[in-house]
Structures are given as structure tokens and as C-alpha cells.
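Trainee: Here it is, the structure, as C-alpha cells.
Every number here is computed from the coordinates shown, using simple stated rules; none is lab data. Only a predicted model underlies this, so the values are computations on that prediction, with no experimental measurement involved. Here Cβ is always computed from backbone atoms with ideal geometry, including for glycine, and neighbour counts include all displayed protein chains.
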Amino acid sequence: MRGRMAKWCASLALTLLAGRAAAQAPGTVVDEVVVRGPEKTLPATVQAYSRIDPGDELTFEELDKVERRLLATGLFQEVKVRTEPTGPNRVRLVLEVEDKASWVVAPTFALSSANVGGGLLYAENNLWGRSKKFGTAVQVSTAESGVFAGYLDPNLFGQPQLRLSVEGQLRSDRVDEYDPGAGQEDPEVVRRTRLNSASIATEFGVMLFERVRAAVKYRLMTIDAKSPDPKEEVTTPAFSLGPAQRDASLRLMVGIDTRQNLHAVMEGLNLEASYEVSNPGVWSDFRYRRYGLLYRQGLRLFDEHNLVLRAEASAGVDLPFHQELVLGGNSLRGFVHRQFRGDTRLSFTAEYHFPLFTIRSLSFRGVGFSDTGLMAWRDLPDDGVLRDVNGRVVRGYLPDSQSGLKGSTLAQGLGAGLRLYLRNIVLPLVGVDAAYGVNSGEFRFYLVAGVSPS
């Protein structure tokens, strides 16, 4: 019995080696592509993501690329790519995949300074077996509540190079403004404003050569500000009151994006430049501009370790209150949710992820991180009020706001956390972080369960 088993294993190994060797030979041509194993995903969808068609030439290096492309879709628990000889310099490409659970109903939780709450999420990651994605969620929290729905097609017309998304939101935000400075142990709210909004947005993107990405996004929303809370120190409005106003913008993005999420590890580089404009020409009641540069990179170390870097530079011109740049909470751990506001932002985050242990399909991973941010106003109006061309107030600044480096805030947070992943489900399960604000000397905790609708 053992002798027959040994012969069978040896035969299988030789077959696989022969397939690899055949694929490595120069001029090897694919006769057919065969998909095996998926229970829901359509074979045509699997083949489309492989980017290999009959008649294409195939090399050993290309086999590895195909496997990574399929894993990076997030649709599959396991992927095996091999070839079977069909003739001289000709092979059959076999794609063996095991689907992940494509849908989930899960609670969502947010726990951070000044933002506590939760909700319910439904997400489908593989509609009709064609990798289309749909999600809807409802969330109630102290800082931001609302209803969200979104649709993403990352494989438009069966082409992974084309992406289309549509999303809509109904939101009610409690916007707190704090005394300036990052050294406060318990930042004091100076003004509290309620902003209600409804929005819809669509984005179309193109990926060229598997690395160059260009996209255009159009967003349309209505925004309605309520009177400031009379219990706080400042009661003059931060934004004009009255009928809801229409805010529309057009955002253009271009850059390099080679990132791939291979289970819990992110690899690759993303460099992106963006420009956003809002004016009557795009059917908006506002006039503002925003510029951005983004750098993200994931490095795989020691097989399952992951160093993730992120740096961003953003600058806005005549930003209204609801479009200002913010930092704090999950965007700058160690500080209060949206504690810092401005029209110019620099930020840098470094995270080191490492495996702890795995129980069946549940993986426990640790993370150490450093968040650094600089926030500033470049040039505030002399009277502390920003008006549009019609004289309407789009931003009333706090009395002690200062522009330039004199009024800028530099803050840093250090900490560690835990991440839980289910290999057979698309979404990360739980994340918890403990962060130390270097400026204030305070520890703060952050919990996210499921996926935040934002």
C-alpha cells in the first residue's frame, strides 16, 4: 500500500513539474483555459481575472502572476494554477479555485474618543458570480449616523481594467470644534454644529498595464446646517443657516497602483495625484478646490509580516465648513475623533503587522503603529469669515484661529493593536488599537468591528 502511494505521489509531482517546465519553455502557447472548483463564481469571471486567453504565450513567471491576480480579487480562499501538456510547446492552463463566503450580515461598532456607536451591515462580494459588489448599512453613533448603500463593479463588461462604482448616503453629523493645540489631556468643545446631508456619487476608473490608474468621480449632495448648540462657548454659526444648499464636485485622479491584498498581507505601491473642483459649472452652489498627493506601500517581510506605509499631502482653497480637512480618531490615533481642522494637511502612518497564531480559518495578527499629522490654515480672512461670491457665509472660524505655521498643529500618536481575520470571509472581523498621544500624554482606545459605512 505504501509503495503504491509513494509511486502515486511521485507521479503527481512529476506531472506538476512537467507542467511548470512546459510553461517555462519559450514559445509555449495556451490551447485552452479550464476553470475548476468554484461553486458560485462563473468560470468566465475567473478567466477574466487571470488575463490569459487561448492563443497567449505562457512562461513560468506568468503562472505566478496569474495566481497572485486571482488571490488579489479577494474572492477565493485557495488558488492553484498549473498546466497540462497538450502537444509540443502547447499546454492547457488549469485554474483551481475555492470560493470564499460571498456575503455577510454583521454588526458594526465604533469606539473612540468622541465617537461611540454601532449599526448593521449587509455586504455581497460576488453578485451573480461575476464579482460585482453591493453593500448597505445603517449606523447610529454620537458623531455620525446615517444610512449607506453602494455598488461596485471591478470587472466592468468582463474587463478587470474597468471599474464603476455608485454610492449614496443619508447622514447626520455632530461636528465638534475644539480649543487649538495637541497638548490637551481632555480637549474642550468650543462649538457644536449639527450637519444633515444627502449625497450620491459615481466613479469610473481605468487600469492600464496593471499599474497605471486613472479615474473620474462626480459627487452631488445637499447640505443643511442647524444652529450651534447654545450650551457651548461659541454660538455664532460656522455655516449659513436656512434652506439646504447644493454641493457638487468633480474629482480627477491619476497614478500608479500595483497593490495586491493577498489574504491579510498587502503588497505593492500606490502613488496618486488628485484634483477636485466645485463651482456652478458642475452644478454646485459652492466654489472651492482641493489638491492631493497620496503615497501608500505594502512590503512583505518574513513571509507573513507586513510593513504598511502611508503619506498624504492635501490642500484646499476656499473650503466650506463641511468639506474641511480633519485629523483625529482613527485617522490620527491617540487623539479625539476629528479633533483638528484646517485647509492644509500633512500626514504619515507606519504600521507593522505580524502573525500571532491561527485557529483553523481565524487568524490573529498584531500591529504596531505610528501616526503623525500636521494641520494648518494657510490664510484666514481678516474678519474670520469666509463668504462665497453671493456674500453667503460658508465658514465662520473660531475667534482664536490663526493661520500659517504660527497656528499649525503637529501631533503624533504611538500604539499597538490586534486584528482578527477569517480566511473564508472577505471582510476583516475585528480591530482594536491602544494609542498614546505623545503631545497630550493620554492613552486612548479604538475599536472597529465589521466595516464602517464611511
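Trainee: Would you calculate the volume per residue, in Å³, of the smallest convex hull containing every Cα atom of the stretch 86-178?
Mentor: 174 Å³
Trainee: Measure nothing fancy, just the Cα-based angle from helix 2-24's long axis to the longest principal axis of the chain, in degrees from 0 to 90, nearest 10.
Mentor: 70 degrees
Trainee: Do any of 40/80; 40/132; 65/217; 80/132; 100/132 go past 19 Å between their Cα atoms, and which?
Mentor: The pairs that break the limit, which is 19 Å between Cα atoms, are 65/217; 80/132.
Trainee: Taking 0.36 nm per residue of separation and subtracting the Cα-Cα distance, what length does fully extending residue 410 through residue 301 add?
Mentor: 36.2 nm
Trainee: Evaluate E = 1/(1 + (r/R0)^6) for residue 57 and residue 103, where r is the Cβ-Cβ distance and R0 equals 25 Å; express this FRET efficiency to the nearest 0.05.
Mentor: Computed FRET efficiency for residue 57 and residue 103 comes out at 0.05.
Trainee: For n ≥ 4 DSSP H runs only, could you compute -39500 (n - 2.57) per run for the chain, divide by its residues and tell me the 222 nm figure to the nearest 500?
Mentor: -3000 deg cm²/dmol
Trainee: Give the separation of the Cα centroids, the stretch 230-294 to the stretch 340-384, in Å.
Mentor: So the two Cα centres are separated by 17 Å.
Trainee: Lys/Arg Cβ at +1, Asp/Glu Cβ at -1, dipole of the chain taken about the Cα centre: which of 440, 221, 393 is farthest positive-ward?
Mentor: Selected residue: 221.
Trainee: Once amide H atoms are placed 1.01 Å from N in the peptide plane, what residues at a sequence separation of 5 or more from residue 442, or on another chain, have their amide H within under 5 Å of its amide H?
Mentor: Answer set, sorted by chain and number: 437.
Trainee: Describe numerically, in nm with one decimal, the distance between label points set 7 Å from Cα along Cα→Cβ at residue 89 and at residue 423.
Mentor: 4.0 nm
Trainee: Here's another thing I want to ask about it. If you keep only loop residues by DSSP, which chymotrypsin sites (Phe, Trp or Tyr not before Pro) in the stretch 128-224 have at most 15 other Cβ atoms within 10 Å of their Cβ?
Mentor: Listed in order of number, the matching sites are 128, 209.
Trainee: Shifting gears a bit: Please compute the modelled spin-label separation between residue 216 and residue 159, points set 7 Å along Cα→Cβ, answer in nm with one decimal.
Mentor: In this crude spin-label approximation the distance works out to 1.5 nm.
Trainee: Give the separation of the Cα centroids, the stretch 37-66 to the stretch 105-143, in Å.
Mentor: So the two Cα centres are separated by 32 Å.
Trainee: Let me ask something else about it. How far apart, in nm, are two points set 7 Å out from the Cα along the Cα-to-Cβ line at residue 206 and at residue 258?
Mentor: Label-label distance for residue 206 and residue 258, simple model: 2.2 nm.
Trainee: Lys and Arg at +1, Asp and Glu at -1: add these up for the other residues within a Cβ distance under 10 Å of residue 165 and post the number.
Mentor: 0
Trainee: Which one, 209, 181, 166, projects farthest toward the positive side of the charge dipole computed for the stretch 109-213 from Cβ point charges (K/R +1, D/E -1)?
Mentor: 209
Trainee: What FRET efficiency would be calculated for the residue pair residue 136, residue 378, taking the C-beta separation as r and a Förster radius of 56 Å, to the nearest 0.05?
Mentor: Efficiency, rounded to the nearest 0.05: 0.90.
Trainee: Taking the chain as the reference, fit the longest principal axis to its C-alpha atoms, fit the long axis of helix 60-72 to the helix C-alpha atoms, and give the angle between the two in degrees, 0 to 90, nearest 10.
Mentor: The helix 60-72 is inclined about 40 degrees to the chain.
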